[in-house]
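A short write-up of the structure that comes next.
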Amino acid sequence: MYNRNMCRLLLALSLVAGTTSCDGLFDGIYDDEVPAVETGMQVGQMTVDATSYGQWVYINFHNKTIHNIDISTDSVSGAANFTEPDEWDIAIHRFQVKTNNGSAIETVYTSIDDLKKAGQLPDSTFMSDTWYDKKVITDLSGMMSGNIKYCPSYVNDIVGRWITSSGMPPTYTTSEKVYVICLEDGSYAALHFDSYMDNEGTKGYITCSYEYPLTF
């Protein structure tokens, strides 16, 4: 049985997948050695390597590029001190997503084709990112002693609904919903998260269907 301190650790770790219960612990501990997979963007689909807690994966829909950037923080203040790409639209950290001055909605549709058949954007309020001091976990090596490291960051909680986890070892559930992101320049991108792992079962390899620019 877990003691109270351990449950506090479990609660902190659950934030990685956007949940609020004691879940998500030891994500990846049961994974085999990470296999080599092909990542990148092609028309209509992309696969990103978000297996590392120590990286943000920056995605640019405009020029179809992906950059993995190592996270570093100031040893005293804890503030982020790494350099983001000059141009990017969204970024993924494990299962978390942030936008570059964008906003997002969750739709009722389970495919981008169904969204486009509707002929218009849903009548929903687009939500911007929220700033968190302790939500983006970057280092779990000191977990058992209660020393979890975070990187302060914006996170879009709407897009973060695409996956939740529960139990120990964790069981993951995807929403299967399409998310629409309004980018900084006013254009729109549609995203459907198809998979959170590769064919070997390694969690953090994320495959998405997308359309950019989204048109009707």
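Worth pointing out:
- Leading residue by the ranking (farthest from ASP194 (Cα to Cα)) among those in region 47-63 that are under 13 Å from the mean Cα position of the chain (by Cα) and assigned to a strand (DSSP E or B): GLN55
- Members of region 133-147 that are surrounded by fewer than 17 Cβ atoms within 10 Å (Cβ to Cβ), within 16 Å of THR73 (Cα to Cα) and either under 15 Å from the mean Cα position of the chain (by Cα) or in contact (Cβ under 8 Å) with a residue 60 or more places away in the chain (or both): LYS134, ASP139
- If the condition is being without any contact (Cβ under 8 Å) to a residue 40 or more places away in the chain and more than 22 Å from the chain's Cα centre (by Cα), then region 71-117 contributes ASP74, SER75, VAL76, SER77, ASP113, LYS117.
- Residues that are within 16 Å of the chain's Cα centre (by Cα) and of a type in the set (Phe, Trp, Tyr) within region 173-216 comprise TYR179, PHE193, TYR196, TYR205, TYR210, listed in sequence order.
Yes/no per residue for (1) of a type in the set (Lys, Arg); (2) over 17 Å from VAL48 (Cβ atoms); (3) touching a helix residue (DSSP H, G or I) at 6+ places or on another chain (Cβ under 6 Å); (4) buried (at least 21 other Cβ atoms within 10 Å of the Cβ):
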site: SER77; (1), (2), (3), (4): no, yes, no, no
site: PHE95; (1), (2), (3), (4): no, no, yes, yes
site: GLY102; (1), (2), (3), (4): no, yes, no, yes
site: ILE112; (1), (2), (3), (4): no, yes, no, no
site: LYS116; (1), (2), (3), (4): yes, yes, no, no
site: TYR154; (1), (2), (3), (4): no, yes, no, no
site: TYR179; (1), (2), (3), (4): no, no, yes, yes
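- The condition of being within 19 Å of the chain's Cα centre (by Cα) and exposed (fewer than 12 other Cβ atoms within 10 Å of the Cβ) holds for only one of GLY40, GLY44, that being GLY44.
Only the coordinates and a few stated rules stand behind these numbers; no lab work does. Everything numeric in this text was worked out from a predicted model, so none of it was measured. Ideal geometry is used to build each Cβ from the backbone, glycine not excepted, and the neighbour counts take in all protein chains shown.
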